[in-house]
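S.K.: One structure is given below, represented as structure tokens, and several questions about it will come after.
The values are calculated or read from the model by the stated rules, or taken from the named source; none is laboratory data. Owing to the predicted nature of the structure, the values given are computational and were not obtained by experimental measurement. Note: ideal-geometry Cβ built from the backbone for every residue, glycine included; neighbour counts use all protein chains shown. These accessible areas exclude ligands, DNA and RNA; they are computed on the full protein's heavy atoms, side chains included. Shrake-Rupley method; radii C 1.70, N 1.55, O 1.52, S 1.80 Å.
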Amino acid sequence: MSNFPGNLKYTNDHEWLEAKGSAWRVGITQFAVDALGDITIVSLPNVGDLVTKGQRFGTIESVKSVSDLYAPVSGKVTAINGDLDGKPELVNSEPYAGGWMIELEPTEASELDELMSPDDYGKHVAAQ
Amino acid sequence: MDRRKTPLWDAHKQLGARLIDFGGWDMPVSYPAGTIKEHKAVREAVGLFDVSHMGECYLRGPRVREAVEKLTTNAVAAAPIGKAVYTLLCTPSGGVVDDCIFYKRSDEEFFVIVNASNTAKDLAWFREHTHSLCDVVDVSDDTALIAVQGPKALAMVDALANGALAGMTSFTFRDAVVAGVSCVAARTGYTGEDGFELACANQDAPALWAALLEAATPLGGLAVGLGARDSLRLEAKLPLYGNDLDDDHTPLEAGLGWAVKLDNREFLGSDVLRRQKAEGVKRQLVGFRIDDGARAIARQGYGVKAAPGPGKEIGVVTSGGPGIVVGGAIGLAYVPSTHASAGSTLTIDCRGKDVTATVVSGKFYKRS
């Protein structure tokens, strides 16, 4: 079954966030990975780009389909996971670790309050 | 409505398959190994596919050859007994009703395997256009179908048949007992690899599947889902009905002229196809490879333009995906014949981004 680490925050779009100092690391959940299947290309923004909550910041191509990545909160991109360029399969094998995608410095702190707890996200997934 | 289940549904569940709705059937899209590993297992060893959702029927009767002659673009009726023949079924205007394989069992009996999504349509088509020349017997609900594909498939299945399949050539079939199960064993497939497709009675399918999986596992074989079935057939440039074939395009436009035998024959669509062959096709299905560095995959429905920028669409992508063994991103598209020669540059609108691709001739993957 899907697992949702307790130290993370979640979104309706099956993304997770992990506090990294003043920035937040963003990836996609095991549930999303299971639905996508094998991932072949991850396209990410550049460091320094500004992203807006709910807007597309990247795309994931799996063998079968293409999906957008939506910014969980507004902010500035402070890091991207360059390993995914050559090893997109990290998202499949380690969605909560080596498969992370970007780090964001939030510009609207209040948006963080809208993120889901692991329990709430678990209920969200169960209802899918 | 509940999805239909093949007789191997429990086996898929046990293997941990991810099941999806495929034309009303609850089918495995992948197993825990994942599509890429499953794809590679077929290229390097052997893969097992449950394709029991496909439709099967018999056409029977003293005048069945007259009926079959009228239905098929390929020379099916005149084929030798024991031959499996890939053919198109066409409308009078030359569009494709379906692509399928006819197995000539005798001068009075053909076994036919058709696409799952077209089973009802094809059966109705057969009944309508064979008139009273033959009986049409639908056995889809009683028949399971397992494909065994890959470089290790022939020896593996032949061993399970105690050598009864030795000496079979490509596109022939035989009644045989495989792992104790009575089957029609055909040396056919949809992956670009050698192998067999085994049709058996529903109730025997779980035992056959279990024996095949037991034999395949030590060889590096895997159960393979529909995800890899699609990526494998794309690399081998085998068209998929509903993507690359439909009643809007003719077999000649789809590059299937080799399966259209027009000499001294009259069949549904033959007049249109004869004229089109003489005049040349104005559009055709081509294979393309996305140019390096684009980091994009062109998918079904994406528009094709002659050049980047705001120009009108000249064609459409019908299939696309990663080339799992051949690398890069590959696909099929209908384009005007003026843009169809190998080396032609196409521009594909990948969700608002212009991506260039190059037309390639032949299969993306050809087994050595």
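S.K.: Pick out the one residue from B:108, B:128 that is open to solvent by 50 Å² or more (accessible area, probe 1.4 Å), of a type in the set (D, E, K, R) and free of Cβ contacts under 8 Å to residues at least 12 places away in the same chain.
M.R.: Values: B:108 fails: free of Cβ contacts under 8 Å to residues at least 12 places away in the same chain.
Criteria check complete, one pass: B:128.
S.K.: For region A:55-64: of the residues being open to solvent by 40 Å² or more (accessible area, probe 1.4 Å) and more than 12 Å from the chain's Cα centre (by Cα), which is nearest to the other protein chains (Cβ to nearest Cβ)?
M.R.: Looking only at region A:55-64, we keep the residues that are open to solvent by 40 Å² or more (accessible area, probe 1.4 Å), and these are A:55-56, A:64.
Okay, now just the ones that are also more than 12 Å from the chain's Cα centre (by Cα), so A:55, A:64.
On the way: A:55: 14, A:64: 6 Å.
Going through the qualifying residues, I end up with A:64.
S.K.: Another one. Somewhere in region A:81-101, is a residue closer than 30 Å to residue B:28 by Cβ, open to solvent by less than 30 Å² (accessible area, probe 1.4 Å), assigned to a strand (DSSP E or B) and within 14 Å of chain B (Cβ to nearest Cβ)?
M.R.: No; the residues of region A:81-101 include none that is closer than 30 Å to residue B:28 by Cβ, open to solvent by less than 30 Å² (accessible area, probe 1.4 Å), assigned to a strand (DSSP E or B) and within 14 Å of chain B (Cβ to nearest Cβ).
S.K.: Scan region B:269-291 and tell me whether some residue there is closer than 30 Å to residue B:39 by Cα, open to solvent by less than 50 Å² (accessible area, probe 1.4 Å), among the small types (Gly, Ala, Ser) and touching a Leu at 6+ places or on another chain (Cβ under 7 Å).
M.R.: Yes: region B:269-291 contains one or more residues that are closer than 30 Å to residue B:39 by Cα, open to solvent by less than 50 Å² (accessible area, probe 1.4 Å), among the small types (Gly, Ala, Ser) and touching a Leu at 6+ places or on another chain (Cβ under 7 Å).
S.K.: Would you mind stating whether residue B:127 is part of a strand (DSSP E or B), in contact with a strand residue (DSSP E or B) (Cβ under 8 Å, 6 or more places away or on another chain) and charged (D, E, K, R)? Spell out the reasoning first.
M.R.: On the way: part of a strand (DSSP E or B): no; in contact with a strand residue (DSSP E or B) (Cβ under 8 Å, 6 or more places away or on another chain): yes; charged (D, E, K, R): yes.
Here the answer is no, as residue B:127 does not meet what is asked.
S.K.: Does residue B:215 satisfy the criteria of being touching a strand residue (DSSP E or B) at 6+ places or on another chain (Cβ under 7 Å) and hydrophobic (A, V, I, L, M, F, W, C)? Walk me through how you get there before you give the answer.
M.R.: Details: touching a strand residue (DSSP E or B) at 6+ places or on another chain (Cβ under 7 Å): no; hydrophobic (A, V, I, L, M, F, W, C): yes.
Against the criterion (touching a strand residue (DSSP E or B) at 6+ places or on another chain (Cβ under 7 Å) and hydrophobic (A, V, I, L, M, F, W, C)), residue B:215 does not qualify.
S.K.: Now a separate question. Within region A:71-80, identify whether any single residue is more than 14 Å from every other protein chain (Cβ to nearest Cβ), touching a residue at least 12 places away in the same chain (Cβ under 8 Å) and out of contact with any strand residue (DSSP E or B) (no Cβ under 8 Å at 6 or more places or on another chain), and answer yes or no.
M.R.: Taking every residue of region A:71-80 in turn, none turns out to be more than 14 Å from every other protein chain (Cβ to nearest Cβ), touching a residue at least 12 places away in the same chain (Cβ under 8 Å) and out of contact with any strand residue (DSSP E or B) (no Cβ under 8 Å at 6 or more places or on another chain).
S.K.: Now a separate question. Looking at (1) over 27 Å from residue B:36 (Cα atoms); (2) in contact with a Phe, Trp or Tyr (Cβ under 9 Å, 6 or more places away or on another chain), which is the only condition residue B:357 fails?
M.R.: It fails just one condition, (1).
S.K.: Right, another one. Every residue in region B:1-56 that is part of a loop (DSSP other than H, G, I, E, B), touching a residue at least 24 places away in the same chain (Cβ under 8 Å) and within 17 Å of residue B:222 (Cα to Cα), please.
M.R.: Of everything in region B:1-56, those that are part of a loop (DSSP other than H, G, I, E, B), touching a residue at least 24 places away in the same chain (Cβ under 8 Å) and within 17 Å of residue B:222 (Cα to Cα) turn out to be B:8, B:17, B:31, B:33, B:45, B:46, B:51.
S.K.: Could you list, in sequence order, all residues of region A:12-48 that are open to solvent by less than 20 Å² (accessible area, probe 1.4 Å) and either part of a helix (DSSP H, G or I) or of a type outside the set (D, E, K, R) (or both)? If you could, list the steps in order and put the result at the bottom.
M.R.: Step one: filter region A:12-48 for residues open to solvent by less than 20 Å² (accessible area, probe 1.4 Å), giving A:15-17, A:23, A:26-29, A:32-33, A:39, A:42, A:45.
A:16, A:17, A:23, A:26, A:27, A:28, A:29, A:32, A:33, A:39, A:42, A:45, listed by residue number.
S.K.: When you check residue B:309 against the structure, is it more than 14 Å from every other protein chain (Cβ to nearest Cβ), in a loop (DSSP other than H, G, I, E, B), at positive phi and crowded, with 17+ Cβ neighbours inside 10 Å, yes or no? Break it down into steps so the answer makes sense when it comes.
M.R.: Numbers: more than 14 Å from every other protein chain (Cβ to nearest Cβ): yes; in a loop (DSSP other than H, G, I, E, B): yes; at positive phi: yes; crowded, with 17+ Cβ neighbours inside 10 Å: no.
Answer is no for this residue.
S.K.: Same structure again: Which condition number in (1) over 23 Å from residue B:235 (Cβ atoms); (2) at pLDDT below 95; (3) among the polar types (S, T, N, Q) is the one that residue B:276 fails?
M.R.: (2)
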